[in-house]
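Participant: Below: one structure in structure tokens.
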Amino acid sequence: MRFLAVCLSWCLLPVDALAADSAGEMAKLEGKWQLVSMEMRGMKLPAESLGPLKLAVLELGDGKLAIRVGDKVFHEGTFKIDASTNPKTIEGALLASPVRGSRSDKPAIGIYEIEGDTLRICFGVPGGKAPQEFTSTGEGGGSTLNTYRRVK
């Protein structure tokens, strides 16, 4: 019986480690992120063409996301991550948009990386597969590649 308990504890160690990794990653993502650049289908959008989006702030915390410009909420939703994959994946569902009404229940799956105060997220199309590279074009590319800087 003791042998079985030891074997089971060994099997559960990786699960605990993965949960701890995800919790640590969620803590890194938590906060406010200012949009720095956006690329769609291979075209980097010039800052002047972003309009109000260049003022957009992505707020992440407790598995919830909001995109705000000033006090106005443009999108709200949920997200989850998998820090055990390479590249790390993020799945987001925009649940409501006061600007556009209710949204599709199909989540967008993407990849992300954090380096210091910079966050890059590359999302595929809602309901599609996660991109494999941080590019908005080509096979395995997403449809959008956004770069954010942490708001301090």
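Please treat every number below as a calculation from the coordinates, not as lab data. If you're wondering where the values come from, they're calculated on a predicted model, not measured in any experiment. Virtual Cβ from ideal backbone geometry, glycine too; neighbours counted across all protein chains shown.
Participant: At 7 Å along Cα-to-Cβ for each site, give me the label-to-label distance between Val69 and Thr135 in nm.
Facilitator: It works out to 3.1 nm between the two label points.
Participant: What is the distance, in nm, between label points placed 7 Å from the Cα along the Cα-to-Cβ direction at Ala23 and at Arg149?
Facilitator: Reported label-point gap for Ala23 and Arg149 is 3.3 nm.
Participant: Points 7 angstrom from Cα along the Cβ direction at Asn86 and Val125: gap in nanometres?
Facilitator: 3.1 nm
Participant: Lys106: which aspartates and glutamates have alpha carbons under 16 Å from its alpha carbon, excluding same-chain residues fewer than 8 sequence positions away?
Facilitator: The qualifying aspartates and glutamates are Glu76, Glu91.
Participant: For Lys44, which lysines qualify as cross-link partners when the Cα separation must be under 19 Å and same-chain residues fewer than eight apart are set aside?
Facilitator: By straight Cα distance, Lys44 reaches Lys54.
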